Amino acid sequence: VEEPKPEKLVTPATKNPETPKIITPETGKATSTLQIPKLNTLKGGVKEEPKQRVVVEEKIDQPFTPDHLRAVWAAFAETRKLYQAEYNLLSQEIEIRDNKVIVHLHNSFQDTLINTIKSDALTFLREKLSNNTIQLVGELNVSDEKKVIYTNREKFEHLAEKNPKLKDLKERLGLDTDF
């Protein structure tokens, strides 16, 4: 039985590595790959193109119905469905006065929110309705929150405001509101 002879393995370390050759110009000066032309040559080579006249067409504002505006408003609300706070704000009932869309706001956070999306909303509405006179206004509803009456004293004072004779009756009978 003959044993196979081991073959010589050639590895990259055993190969003769070639050293890269650096070629220098004959002048001995270092060269740059970036070549900047002289300014004098640039002056003669620049040609001015004739300016074209840009004509801007003014779009005529199209009239719209409140129902059409509400439908476009609902479509815009659907585009903001990923942002829950914005979607809830836009899903509220709106009021339309002339070309103003009025959104009734419940707190100052909604006021900040409507101001951040106002430009997107106006762009969307103006594009879809072909009317550039549409405005968006947020009105903050200030509601007088009634104080909740808890104690007997608060209940008596509330009733005494409505009927001042209760205070006289309390004093005559010597009643105490705090049991």
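Summary table below
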{"quantity": "Full-stretch length increase - residue 67, residue 99 - with 0.36 nm per residue and alpha-carbon distance subtracted", "calculated": "10.2 nm"}
{"quantity": "Using a Förster distance of 35 Å, the FRET efficiency for residue 172-residue 151 (Cβ separation, nearest 0.05)", "calculated": "0.95"}
{"quantity": "Neighbourhood net charge (14 Å Cβ-Cβ; Lys/Arg +1, Asp/Glu -1) for residue 116", "calculated": "-1"}
{"quantity": "Sites matching chymotrypsin sites (Phe, Trp or Tyr not before Pro) across the stretch 58-94 that sit in DSSP coil, with at most 15 neighbouring C-beta atoms within 10 Å", "calculated": "83"}
{"quantity": "Probe 1.4 Å, protein heavy atoms only - accessible area per residue of the stretch 58-178 in square angstrom", "calculated": "74 Å²"}
{"quantity": "Cleavage-rule hits, trypsin sites (Lys or Arg not before Pro), the stretch 64-144, DSSP coil, Cβ neighbours within 10 Å at most 12", "calculated": "81"}
{"quantity": "Solvent-accessible area, 1.4 Å probe, carbon plus sulfur percent, for the stretch 62-179", "calculated": "51 percent"}
{"quantity": "The stretch 131-177: GluC sites (Glu not before Pro) falling in loop per DSSP and having at most 13 other Cβ within 10 Å", "calculated": "145"}
{"quantity": "³J(HN,Hα), Karplus 6.51/-1.76/1.60, whole Hz, each residue of the stretch 85-96, x for Gly, Pro", "calculated": "5, 5, 4, 5, 5, 6, 7, 5, 5, 10, 10, 10"}
{"quantity": "Two-decimal Rg to Rh for the stretch 60-179 - Kirkwood Rh, Cα set", "calculated": "1.36"}
{"quantity": "For the stretch 116-128, 3J(HN,Hα) per residue [Karplus equation, 6.51 cos²θ - 1.76 cosθ + 1.60, θ = phi - 60°, Hz, x = Gly/Pro]", "calculated": "6, 9, 4, 5, 5, 5, 5, 4, 4, 5, 5, 5, 5"}
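The values are calculated or read from the model by the stated rules, or taken from the named source; none is laboratory data. Small disclaimer: the values here were computed from a predicted structure and weren't measured. As a convention, Cβ positions derive from the backbone with ideal geometry for all residues, glycine included, and neighbour counts pool all protein chains shown. These accessible areas exclude ligands, DNA and RNA; they are computed on the full protein's heavy atoms, side chains included. Shrake-Rupley method; radii C 1.70, N 1.55, O 1.52, S 1.80 Å.
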